[in-house]
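The values are calculated or read from the model by the stated rules, or taken from the named source; none is laboratory data. Being a predicted model, the structure only gives us computed values, none of them experimental. Counting neighbours? That spans all protein chains shown, and the Cβs are built from the backbone with ideal geometry, glycine included.
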């Protein structure tokens, strides 16, 4: 599954309109996610720069790419593709791209760049095109990415289904194999999921990292970003299954805390507080509300439960072509939620030396309110693995 | 396997000496690879910035990290660790870090930043500390990374052994299972390799991407960066097995072109040209020579063989904590090779619609000349899989 050329032409048209409104003559894009979002050209960023120029004159973007990436781009675009041989090159690739823009008549125009490019790249642009009036306009594409189209939502829905499948399989692996290691759970879940995705999805846009996650057990589950280890799970412990995957370039995540054997009274109390915070916080993700207000009511549940000392992160984050993107469901983000935004809702608490608790769903904001795209059960009785 | 605190203290001391020589009062690092290299703190870069300040007054670096990463850093460092709650935060995390630097008396000093940080980050630094005389000094850490210490070389040697193991296993999977898909080869190789690494290495610094690669067959092998697909390999085809892995944070790669059944006269001729280019190019990787000269003699073999139209990339690149880093074995890099540098030597040709040929070794430059750290056979008879 992947988006097709009409989708990208529509996005590019919107970008050109935005440029025209700001009286800018073009946008020179060097960020791999912006390129992926606007043109469908996927690449892992390396030292070899890829540049895409969106002018106001032409429908098609203009691509400047290293020779060895040429074949892949031709799957979507068939014109305005120019290549350079290598990096670093006798002529610097960015200087060459700027030279081509000058040849095309942009040498003394008003052009935009995105503020997420490295300082060194911006300096190269300014040095190579000193006659250009360079303006920062990173908010054009960032703004477009905030609200998802129906096509993008379809991909995220599909990714959400696979993310739920990953949690299901995580539980299944423990039921089948018993007290295995964190790494064994992760590896087996990823293997089953990639196999399933390869069977069902066509074409696969890219493979590396298409499904992945974190698996932390016992006292290690108190590290929110702990990497899976050789530690074997034990009876009586929490196990955080934190999974996500990518369909057609779009991410979703599903995360549950499960219990290896019957949880103690303390585990139940902690879990219920997190589950309630997630419920309250998710309900607050309504169009017209502000991100920071959802975050406040969500984390207030944990404050009131006397668990604030164990809170280490916000309620959630936007999700799309990046697994973390704006808007941020956090105190510092006043963005007003709108239908078509997709965010994670994932409060957690982390008790040092004992264990962590987190529940995450991928949530679509609709006119009618929040819609959870992931739906693995959240009630504690469904999260107990009897082994 | 991982490097220990004495290694990092030595690197930091060298960095501080370099700052003193340039009359700089400190280096403020925001790049995840620079942080990893200099302090051993590994993290996947996200929207939450991590800052490390190297002053000239203290032995220990000063860490500014999000609260949820706090536990992991304490495995190496135990002081000068300050946390912020979240991103984006009511106070911007970079502004907070700069405020702390001002509290520490650096508000009107001469401080360095690295040019690989985003434009937006540099602007935040300048806005928050307008009294600082900010200087670009990305070459300090980049310069240190060029030549590897004995401890780093040991990790790369180990990674090279596993990379060879991956090629071996790729061949074995085809022998065992026959005409399978590219993806199946990759998945099975990664699974066997990660299992082996988890058994043998302790501790594992991080897991995601610890072993990975590209597997392209038939006409798809003519895409140098083609991603593994569901395409099944066929008799009579080329199969490029391009693998690499990471030990203690350090990379190596081993890549071979193998033949499914007996190669044709054309395949033999093409392969032999690439093998000879790799031999000549590798021999040219001697201390005192320039990177561009090795690249020239390497690619000259392909030019003389009349295959220039099929060449799509340089001879190679440096390899270390990044799988692609300086120096670049390319026409535009005049760096003089020195003992302790580690580079890939990987010329290739790519015949559209027919197939690609590439041989890559990870090569250590020693006083006595090049030493291949990967040693899977390169003679064609060893690369034919009889099935």
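When segment B:352-387 is examined, which residues are found to be surrounded by fewer than 15 Cβ atoms within 10 Å (Cβ to Cβ) and assigned to a loop (DSSP other than H, G, I, E, B)?
Result: B:352, B:353, B:367, B:368, B:375, B:377, B:379, B:386, B:387.
Looking at B:332, B:340, B:320, which is the one that is closer than 19 Å to residue B:153 by Cα, within 14 Å of another protein chain (Cβ to nearest Cβ) and part of a loop (DSSP other than H, G, I, E, B)?
On the way: B:332 fails: closer than 19 Å to residue B:153 by Cα; B:340 fails: within 14 Å of another protein chain (Cβ to nearest Cβ).
The conditions single out B:320.
Out of curiosity, is residue A:157 within 14 Å of chain B (Cβ to nearest Cβ), under 30 Å from residue A:337 (Cα atoms) and under 21 Å from the mean Cα position of the chain (by Cα)? Steps first, please.
Values: within 14 Å of chain B (Cβ to nearest Cβ): no; under 30 Å from residue A:337 (Cα atoms): yes; under 21 Å from the mean Cα position of the chain (by Cα): yes.
Spelling it out, it is not the case that residue A:157 is within 14 Å of chain B (Cβ to nearest Cβ), under 30 Å from residue A:337 (Cα atoms) and under 21 Å from the mean Cα position of the chain (by Cα).
Test of understanding: among B:332, B:340, B:318, B:306, which residue is at pLDDT 95 or above and surrounded by 21 or more Cβ atoms within 10 Å (Cβ to Cβ)? It would help to see each step written out before you state the result.
On the way: B:332 fails: surrounded by 21 or more Cβ atoms within 10 Å (Cβ to Cβ); B:340 fails: surrounded by 21 or more Cβ atoms within 10 Å (Cβ to Cβ); B:306 fails: surrounded by 21 or more Cβ atoms within 10 Å (Cβ to Cβ).
Going through B:332, B:340, B:318, B:306 in turn, just one is at pLDDT 95 or above and surrounded by 21 or more Cβ atoms within 10 Å (Cβ to Cβ): B:318.
Please name all residue pairs, on different chains or six or more residues apart, with Cβ atoms under 6 Å, provided the first residue is in segment A:215-237 and is on the phi > 0 side of the Ramachandran plot and the second residue is surrounded by 24 or more Cβ atoms within 10 Å (Cβ to Cβ).
The qualifying pairs do not exist here.
For the structure I just gave you, tell me whether residue A:57 is without any contact (Cβ under 8 Å) to a residue 12 or more places away in the chain, closer than 30 Å to residue B:311 by Cβ and not in a helix (DSSP H, G or I). Working first, answer last.
Working: without any contact (Cβ under 8 Å) to a residue 12 or more places away in the chain: yes; closer than 30 Å to residue B:311 by Cβ: no; not in a helix (DSSP H, G or I): yes.
Spelling it out, it is not the case that residue A:57 is without any contact (Cβ under 8 Å) to a residue 12 or more places away in the chain, closer than 30 Å to residue B:311 by Cβ and not in a helix (DSSP H, G or I).
Residue under question is residue B:66, and the condition is that it be within 13 Å of chain A (Cβ to nearest Cβ) and either modelled with pLDDT of 95 or more or in contact with a strand residue (DSSP E or B) (Cβ under 9 Å, 6 or more places away or on another chain) (or both); does it hold?
Here the answer is yes, as residue B:66 does meet what is asked.
Of the residues that sit in segment A:71-82 and are more than 8 Å from chain B (Cβ to nearest Cβ) and either touching a residue at least 24 places away in the same chain (Cβ under 8 Å) or not in a loop (DSSP other than H, G, I, E, B) (or both), which one is surrounded by the most Cβ atoms within 10 Å (Cβ to Cβ)? Step through it out loud before you land on a result.
At the first step, the residues of segment A:71-82 found to be more than 8 Å from chain B (Cβ to nearest Cβ) are A:73-82.
If we keep only those that are either touching a residue at least 24 places away in the same chain (Cβ under 8 Å) or not in a loop (DSSP other than H, G, I, E, B) (or both) as well, we get A:73, A:76-77, A:81-82.
Details: A:73: 20, A:76: 15, A:77: 18, A:81: 17, A:82: 13.
Result: A:73.
Of all residues in segment A:126-147, count the ones that are within 14 Å of chain B (Cβ to nearest Cβ) and over 24 Å from residue A:40 (Cβ atoms).
Here the count works out to 5.
Out of (1) in contact (Cβ under 8 Å) with a residue 24 or more places away in the chain; (2) surrounded by fewer than 22 Cβ atoms within 10 Å (Cβ to Cβ), the odd one out for residue B:299 is which?
(2)
Those residues that are in a helix (DSSP H, G or I) and without any contact (Cβ under 8 Å) to a residue 40 or more places away in the chain, I need them from segment B:15-45; list them, please. Lay out the reasoning, then the answer.
First, the residues of segment B:15-45 that are in a helix (DSSP H, G or I): B:15-21, B:32-39.
Matches in segment B:15-45: B:17, B:20, B:21, B:32, B:35, B:39.
Residues in segment B:97-111: is at least one assigned by TED's automatic domain parsing to the domain that holds residue B:55, at pLDDT 95 or above, buried (at least 20 other Cβ atoms within 10 Å of the Cβ) and closer than 27 Å to residue A:227 by Cβ?
yes
Here is a yes/no grid of residues against (1) touching a helix residue (DSSP H, G or I) at 6+ places or on another chain (Cβ under 9 Å); (2) at pLDDT below 95; (3) part of a loop (DSSP other than H, G, I, E, B); (4) not assigned by TED's automatic domain parsing to the domain that holds residue A:339:
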| position | (1), (2), (3), (4) |
| --- | --- |
| A:155 | no, no, no, no |
| A:159 | no, no, no, no |
| A:162 | yes, no, no, no |
| A:170 | yes, no, no, no |
| A:188 | yes, yes, no, no |
| A:203 | no, yes, yes, no |
| A:206 | no, yes, yes, no |
| A:224 | yes, yes, yes, no |
| A:241 | yes, no, no, no |
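Could you check segment A:49-60 and list, in sequence order, the residues that are modelled with pLDDT of 95 or more, away from chain B (no Cβ under 14 Å) and in contact with a helix residue (DSSP H, G or I) (Cβ under 6 Å, 6 or more places away or on another chain)?
Keep residues of segment A:49-60 that are modelled with pLDDT of 95 or more, which gives A:49-54.
Those still in the list that are away from chain B (no Cβ under 14 Å) too: A:51-54.
Within segment A:49-60, A:51, A:52, A:54 meet the criteria.
Please state which one of A:320, A:369 is within 18 Å of the chain's Cα centre (by Cα) and assigned by TED's automatic domain parsing to the domain that holds residue A:301. First the steps, then the outcome.
Values: A:369 fails: within 18 Å of the chain's Cα centre (by Cα).
Checking each option against the conditions leaves just A:320.
So, in segment A:89-123, of the ones that are in contact with a helix residue (DSSP H, G or I) (Cβ under 6 Å, 6 or more places away or on another chain) and in a helix (DSSP H, G or I), which residue ends up farthest from the other protein chains (Cβ to nearest Cβ)?
The selected residue is A:98.
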